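The values are calculated or read from the model by the stated rules, or taken from the named source; none is laboratory data. Just so you know, these numbers come straight off a predicted model, no measurement behind them. For neighbour counting, all protein chains shown are included, and Cβ atoms are generated from backbone atoms with ideal geometry for every residue, glycine included.
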Amino acid sequence: MRLSSPVPRELRGQLFRGRDAMDLGLVTRGFLRGPAFRRVVHGVYVDARVPIDHGLRARAALMVLPTESVLTANSAAWWYGVRLAGRDQSVTVALPPDVHIAGPQFVRLHRTPILPEDITVRDGLRISLPSRTAWDLATLNDLTSAVKYVDALMHDGWLTESDLDRRLATGSGLWRVRKVRTVAQWTDARSESPAESELRIIVRQSRLPAPELQHEVRRLGRLIARVDFAWPEHRLALEYDGAGHTDLRSMRLDRRRLNALVEAGWTVIHATAADLRRPASLIAQLRAALSTPLAA
């Protein structure tokens, strides 16, 4: 990118408050609004060569909000490595109910009591602990979105079912506690991707028999495949085909794996992102396969 004039050395690659930079004489208001910088949230800018993602917006938000502010839900999950939030998805910030301010663009304020023991610090930022993060994810999001996040937190070892159970045991009567209970009942740490989580929810909502997750298929005592979803008594597998299966080597391995499953008498149904958006055909395929008697 060609800049109209050089970025001051002190601001190269940096996130900063515009007012501070002007007070120090590093930039003028006009230069700040030019192509050398980009606004991350109201009042906070970054060198235009720095890519903006959700994590940068979260850091920027805390630079202009009261010191009591705590990143939670999708934004806390980001700092635990569960980076599902897109660049323009709102940063979620918990604030005590008695703090009366308006949130800037790209910031969602969640006015809620948050105890000191629910807060930790990562990379210099105040964020909610994993169990509180999961609670807020459940109360603030739809079921599918919340389960995707909580599955990932569990899969990565940040959270256990016991952690959620303990919080639920002391949360009777709290706002939207029923939503939290529902999310807790639907989560499964064995899901290895957000797409697998969503696919599992679709299958469950369709009232099909519950599949086994990450099922190991063996033949003559030898492991031939581990499948995303399985109905072993029907020798039926459901696999999600994501973006990681498009290079030539992966395709060859997938073909060999599929051939081995077919030779072992298994039926394999593949799901894609399109099936997540319009699952009716996929569910019909699964229902038909589950109702077909196995060959002797």
* Of all the residues that make up the stretch 148-170, how many are over 14 Å from Glu192 (Cβ atoms), touching a residue at least 40 places away in the same chain (Cβ under 8 Å) and in a helix (DSSP H, G or I)? -> 1
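Could you check how many residues of the stretch 133-147 are under 11 Å from Ser197 (Cβ atoms), of a type in the set (S, T, N, Q) and touching a residue at least 12 places away in the same chain (Cβ under 8 Å)? Show your work before the answer.
Quick first cut of the stretch 133-147, residues under 11 Å from Ser197 (Cβ atoms) only: 143-147.
So of that shortlist, the ones also of a type in the set (S, T, N, Q) come out as 144-145.
Now restrict to residues that are touching a residue at least 12 places away in the same chain (Cβ under 8 Å): 144.
Total satisfying the criteria: 1.
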* Asked: When you look at Ile114, is it among the β-branched types (Val, Ile, Thr) and within 28 Å of Leu11 (Cβ to Cβ), yes or no?
  -> no
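Any residue at all in the stretch 12-29 that's within 32 Å of the chain's Cα centre (by Cα), without any contact (Cβ under 8 Å) to a residue 60 or more places away in the chain, crowded, with 21+ Cβ neighbours inside 10 Å and not assigned by TED's automatic domain parsing to the domain that holds Ile114? Walk me through how you get there before you give the answer.
Step one: of the stretch 12-29, the residues within 32 Å of the chain's Cα centre (by Cα) are 12-18.
With the extra rule that they be without any contact (Cβ under 8 Å) to a residue 60 or more places away in the chain, the set shrinks to 12-18.
Filter once more, keeping what is crowded, with 21+ Cβ neighbours inside 10 Å: 16.
Now restrict to residues that are not assigned by TED's automatic domain parsing to the domain that holds Ile114: 16.
Yes: one or more hits.
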* **Selection status of Pro209, of a type outside the set (A, V, I, L, M, F, W, C), closer than 25 Å to His155 by Cα and either touching a residue at least 60 places away in the same chain (Cβ under 8 Å) or in contact with a Gly (Cβ under 7 Å, 6 or more places away or on another chain) (or both)** => yes
* Any residue in the stretch 161-170 that is β-branched (Val, Ile, Thr), in contact with a Ser or Thr (Cβ under 9 Å, 6 or more places away or on another chain) and assigned by TED's automatic domain parsing to the domain that holds Ala73? -> no
* To do: Could you check how many residues of the stretch 261-296 are within 27 Å of the chain's Cα centre (by Cα) and either of a type in the set (S, T, N, Q) or not assigned by TED's automatic domain parsing to the domain that holds Leu238 (or both)?
  => 2
* **strands (runs of 3 or more DSSP E) (entirely within the stretch 179-293) containing at least 1 residues that are among the aromatic types (Phe, Trp, Tyr)** => 222-231, 236-240
